Structures are given as structure tokens and as C-alpha cells.
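These notes are about the structure you will find just below.
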Amino acid sequence: MTQPTQPCRVALYARYSTDMQNPMSVEDQFRQAERYAKQQGWTVVERFSDSAISGTAGRTRPDFVRLSEALHSKAFDIVLAESLDRISRDQEHLAGFYKAARFAKVEIHTIGRGKVDALTLGLSSMMSAMFLEELSDKVRRGIEGKVLSGLSGGGRIYGYRPGTDARGAPVKGALAIDEIEAAVVRSIFRDYAAGLSPIAIASRLNEEGIASPSVGSKRKSSGHWKQNTINGNRERGTGILNNELYIGRRVWNRLSYGKHHRSEKRRSTLNPESEWQITEVPELRIIDQDLWDAVKARQEKQAKRRSKIASTDRNHLSSGQSLRRRKYLLSGLLHCGLCGGKMTVAGTGKYKAYYCADAKEKGKSVCAGFRGLKEVRASEMVLSALRSELMQPEAYEAFRESFRKHLVQSQGAAEDTLRLHDARVRELETKHRNLMLAVENGDYAPAIVARLNAVDADLEEMKGKREEIVPPTVELPDDLPELYRAMVSDLAASLSDEVVAGRAADELHEIVERVDVHWDDEAKGHRLVLSGNLLEMLRKSAPSDLDAVRDNAIFAEVGCGSSQPPKSTMHSS
């Protein structure tokens, strides 16, 4: 007598690609597969499914990975799917799954074609690959046509909302400026142009409770601003500061995207500039050209500094550490005339002076050192040439125009701040109404009442601040010439203020490459040897309040150098 054969055990697999498709698709696939299995006399023992995941993904499909691992468990004899492209559209993944199934002696069947063999697998893989390539080309052509006709190629762009036609009906691909988000964009550009770092800007936005661009998108995010969201990549055009749409220029096809063959993560590559599609859309401009140019100029300076640091940095510091805002006007410029090492500021108050860092920290065997040079005196000596140049009529007119532009920009900034303030008030009023409605409907939970009180307090505080934010009238002060003259006459003090010292130091580094400090025994003072464009200005101005300009050097009398401070006040800066 022969033993009765056991019915084949079947594992079902179903998948649908995007969250725009019907989730019931999985249940439909299971229902058809169960009907087919019943007709064959098979027993369904397990079900696997992946929802809203592309068929080209492999390691990122949890149940596909689980099914692949279960092949060797001998828990089932057959894997059944609606079609092979449900298992995978990727030739490599499908071939790997087929090989693993054959090794585990598990058959693969589809509802439409039955048992899958090598020939069926090869033809199906080839057709799937051709389908994906053709689909990609069609999508790309469609997006290119939209962009060339002045519409958006897709994706959310911070600062804009979906556009409408004359009747107010939404137009697919059209954009319109979102005034609230546009105000945030302008504030980011102003802050960066004023010298704030991307991380400082991100911190301000998070402190003010402004939602980041990731809010409302499909990405998993905390909703907080990050420095990379602002800074991005200048070459690739990513980040708020590099989006040319803000100046009314749409750039498409700058980047190409594809999945990495190993990590399966989406990667971008920069296309040649000749392949970019650029269209002018002036109605979408948010940032004026002067502000855009100021930001680009600062980015260029930062890039030069980063390149210079990378080529000369012996300490192997990160670019973030090396690009920190300079604390003093001459930070990084002064070098010891004996050993060539950097000079650092030590001391406090009136004893604050530059000393050779190697002599101070490594001892006389490395560098003998010399008397310190007062930080204030060093700044005065180097800036003396600038004072003479800034007293010229042309310099004052340039300052006056710059001051006027600053007032106009300040008014624009105040208007944007007021716009954001009013939007925040409207948001709080909506929350207040909803909480009041909940209380009126009988919800007296302590958490609801506490939240209502907190919102009420925030609302009162915000309303009270409105008058302080109202934009000022743009008027130049009557005593502007006197203010300018006073500022220039005490230039060292003006530029040493901690609010502007960092930016002033950056500008000074553009015209001064290096200052070597020597001690002159005959002159009983410090001698400064300059390298850079400032030397020519010094020769022209030859300030009388200093000793002289001789060859490439400035001399300082001994009385203006600083004596050695008490040891208790010595510290590195």
C-alpha cells in the first residue's frame, strides 16, 4: 500500500507600490491567491505582505526580507504571488530570491503562469527592467515639459504654496508665494548676510517656534530646523541659501537621482551645467538681488577660508572648529618674528596683549619670546591706514548710501517680523477658540484647563509686543556726518566691539595676509611687518601719530607696548 501524499504547504506574498494605491490591493491579492491554492489542493500556512513600498527595493521591505529568511525554515513548500513583479521588479533581487528558493527546495508559483522556471524568470526580469526604464523616461519627459512651460517639477518648496487660476481653482504645478514662509526665508538671508552662522539661525528659528520645511511632508522629522537645512550644498543648489527660485530663477535637472546598488538608498549626482534647464519666473522672486549677492559673497569668503585652512591646518581641526567667528580684530594674523608661530591674546583688561604662543606654552627652548604687544595698540597700528582712507568724501558717501540701504532693510525686516507675529497670534487665537469650545462642551480635564491658561497667557503677551514691532520710518539722522566722523576717529574701538569684531576681522583678512611682530632693541618697541594690500595704503597715509612706515614695517614706541602682566592674569585666548 502507498502512503497518501501530504498537501503542499503554501506561503503567500502580496505587495503594492505607493501610498497612493488602494491598501485593499493586498487583500485582493491574498483572496485571489487563496482561491488558486484551493483549486490546486494546497494549504496556506503563512502570509507575507509589504505596503506602499516599491518593487525595486529589497532590504527595505520588511516582509520580503522575512520571507527570504523563512525559505530555509522548511515551514512551506511553495511561495505563491499574483505575479513575479509582486515579488520584485529588480533583476538582481529576483534572481537572488530564485536561487535561494531552489537551494531550499521551495518552488515559486504565480497565479497567471504557474510554476516559475529559469526561462520564465529571465523573461519576466527583462520585461520588468524594460518597464522601469520606459516608465522613468516617460516621467522625466513629462516633468521636463511642465518645467519648460513655467510650472513646478514637483515637490514642496519652502516659501511657496500651490497656485490657482483667476477663478481661484488650483492649477497643478503652479506656485504662488506664501507670505508667511517668505518672511522666514528673508530673515534667514538677512541673518546670514549679517554674519550669523547657519546653526545660530536654526537655533533662533527653533526658539521662535517656527516649523521647519519638513513639517507636513512625508519625511520623518522632529520638525526642528537644522543648520544643513539652511546651508545645504552651494554647488548642488540645495538648502535655503542656495535655492535660486528665491530670485525668480527655476533650475531643473541640476541633479540626477538613483538608488545605490548596495545600500539601496537614494543618491544624487551633479549633472553637467549644459544639461540644466533654467527658466525665469520673476513673479516668484522673494529675495532682492543685493541681499542674494551679499549671501553669495559671504559663502565665497567662507569657501576660501575653508580651502586655506584645509591646506595649512596642522591641528587637523574640523572645518566647523576652524571657521568659528574670530574673537579679536587681528585674530589669526599676528605671527612671532622669532619663531614664526602664531601669537595669542593673554591677560585681562588693560593687560590684554599678544604674546608668542610657542614661547608661552613650550618654553625658551622653542622660542625666547619678547615683550607683549597690547591688543588695543596692535589694532590701532594696523587700522591707522584705514582711518585716513575713510575720511575721504567718497568713503563718506559710500557709507551714507550703505546706511540708507541698511535702514530700508531694517524696515523690511520689521515688516516680516510683524507678519510672522500676526500669524502666530492668529494661530494662538485658533487654539484658544478650540480649547474654549472643548471646555464649553463639558471637557474640564485639568490638562485642557492648564493648556487653555497657557495659550491665554501667550496670546496676551504676543498682543502686548505688537507695538514694539511696528516698522520704523526710514529717515537718516541729522547728525550722521558727526556720527561717522566719531566712529572713524576711534576706528579700533568701533571695530573691536564684540558685535562686529568677527565680521570686521573677516574683512581685514581680505587685505592683510600676515603680520609678523618683532622686538626692536634699538627703537625700544615693536616692529610690525605686513604682507598684503594694506601696505600700499599705509605708505600713502603715513600716519603721524605712529613712528613711521619704513619699507614693509610699522614701528611702535616702547611706551605703547604692554609690560608683562602679573602671572595670575596670564591665560591663552
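Farthest toward the positive end of the dipole of region 109-152, out of S136, V147, T120, is the Cα of V147, where the dipole comes from beta carbon charges about the Cα centre. Averaging 1/r over each pair of different alpha-carbon atoms in region 113-266 and inverting the result gives 18.7 Å, the Kirkwood hydrodynamic radius. Counting only Cβ charges, +1 for Lys and Arg and -1 for Asp and Glu, the dipole size of region 177-303 around its Cα centre is about 840 debye.
Charged neighbours of S128, selected by a Cβ distance under 12 Å, balance to -3 (K, R count +1; D, E count -1).
Cβ-Cβ distance of R426 and V449, R₀ of 22 Å, FRET efficiency by 1/(1 + (r/R0)^6): the value works out to about 0.45. Label-to-label distance, D458 versus T120, with points set 7 angstrom from Cα along the beta-carbon direction: 6.0 nm. Residues in region 82-89 carry Karplus couplings, in order, of 4, 7, 5, 6, 6, 5, 5, 9 Hz; the curve used is 6.51 cos²θ - 1.76 cosθ + 1.60 with θ = phi - 60°, and Gly or Pro positions show x. Surface calculation, 1.4 Å probe, protein heavy atoms: E27 sits at approximately 100 Å² accessible. Close amide H contacts of G525 (hydrogens built in the peptide plane, cut-off under 5 Å, sequence separation of 5 or more or a different chain): D520. If the limit is 23 Å between Cα atoms, which of K342/K362; K138/K172; K304/K352; K74/K115; K146/K226; K220/K265 go over it? Flagged as over cut-off: K304/K352; K146/K226. Among 195-208, 127-140, 33-46, the peptide with the highest mean count of other Cβ atoms within 10 Å heads the list, and the full ranking is 195-208, 33-46, 127-140. From most to least packed by mean Cβ count within 10 Å, the peptides 96-103, 181-188, 341-348 give 181-188, 341-348, 96-103. Describe numerically, in nm with one decimal, the distance between label points set 7 Å from Cα along Cα→Cβ at E244 and at E280. For E244 paired with E280, the spin-label model returns 1.3 nm. Our summary gives region 165-230 a relative contact order of 26 percent, counting only alpha carbon pairs under 8 angstrom and 6 or more residues apart.
At an R0 of 60 angstrom, the distance between the Cβ atoms of K465 and E133 translates into a FRET efficiency of 0.55. Using the Karplus curve 6.51 cos²θ - 1.76 cosθ + 1.60 with θ = phi - 60°, what ³J(HN,Hα) values do you get for each residue of region 366-376, in whole Hz, with x for Gly and Pro? Each residue's phi maps through the Karplus curve to give 9, 7, 6, x, 7, 4, x, 10, 3, 4, 5 Hz.
The values are calculated or read from the model by the stated rules, or taken from the named source; none is laboratory data. Predicted model, so just to flag it, every value in this text is computed and none were measured. Quick reminder, even Gly has a Cβ in these numbers, built from the backbone with ideal geometry, and neighbours come from all protein chains shown. When the accessible area is computed, the model is the full protein with side chains, heavy atoms only, and any ligands, DNA or RNA have been set aside. Shrake-Rupley method; radii C 1.70, N 1.55, O 1.52, S 1.80 Å.
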